[in-house]
Amino acid sequence: MTFHETKISGVFEIHLEPKLDERGFFARSWCQREFESNGLNPRLVQCSVSFSARRGTLRGMHFQAAPSAEVKLVRCTKGSIYDVVLDLRIQSPTFKQWMGVVLTAENRKMVYVPEGCGHGFLTLEDKSEVFYQISEFYNAESARGVRWNDPAFQIVWPEKVEVISERDRTYRDFE
């Protein structure tokens, strides 16, 4: 794997390094030692899958507050998404800044989302599926979110939002 830090402190775009042969390829997609050597949290306690039937489905912007703050490693395994990470760490030099990257089943890129950052995505194709590796157990009492179109962040989405949950649509303005 190769690790590329983004403009958001602690957020990495991770690329697989496929070993090709006549059968196809083999690639490592997670390694505790490689994550540790890049200064990343290698803890993994849960994996989740999200499936969105329609293009234009927005999920986010979600995070878990302390004491259940979580790291996410996100990969699109079917279809394509525009993946967004939003820095909500008050002490961070990139506080309230965001970055976005297209993740597809074909490009096999991953995004490392550190603790204290919000995460969300917009599907760019029907029948898109996202695989998450997560460092903490889900805790409903710690689940938080900020609105996808909050003027405090000015996130630019590449396409129109067509499907969004009531919860994600109605988060209050960020203070």
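The values are calculated or read from the model by the stated rules, or taken from the named source; none is laboratory data. Note that the coordinates shown come from a computational prediction; the quantities given were computed from them, not determined experimentally. To get the accessible areas, we keep the full protein, side chains included, count just its heavy atoms, and leave off ligands, DNA and RNA. Shrake-Rupley method; radii C 1.70, N 1.55, O 1.52, S 1.80 Å.
Relative contact order of the chain: 30 percent, from C-alpha pairs under 8 Å at least 6 residues apart in sequence. Among beta bridges from DSSP that stay inside the chain, the antiparallel ones total about 95%. For the range 11-136, the calculated P(r) over all alpha carbon pairs, in 5 Å bins from 0 to the bin holding the longest distance, is 2, 11, 19, 23, 21, 14, 7, 2, 1, 0 percent. For the chain, the solvent-accessible area of protein heavy atoms averages 54 Å² per residue (probe radius 1.4 Å; ligands and nucleic acids excluded).
Could you tell me whether the range 82-172 comes out rounded, prolate or oblate from its Cα gyration tensor? Rule is a ≥ b ≥ c as square roots of the eigenvalues, rounded for a/c under 1.5, then prolate if a/b exceeds b/c, otherwise oblate. Judged from the Cα gyration tensor, the range 82-172 comes out rounded (a/c under 1.5). Per atom type, the range 1-160 shows carbon and sulfur on 50% of its accessible surface, probed at 1.4 Å. Our coupling estimate for the range 48-54, obtained by passing each phi through the Karplus curve with A = 6.51, B = -1.76, C = 1.60 and θ = phi - 60°, is 9, 10, 10, 10, 10, 6, 10 Hz, Gly and Pro reported as x. Per residue of the chain, the DSSP helices (runs of n ≥ 4 H) give a summed -39500 (n - 2.57) that works out to -1000 deg cm²/dmol at 222 nm.
Taking a straight Cα-Cα cut-off under 26 Å and skipping sequence neighbours fewer than 8 places away in the same chain, the lysines within cross-link reach of Lys160 are Lys7, Lys72, Lys78, Lys96, Lys109, Lys127.
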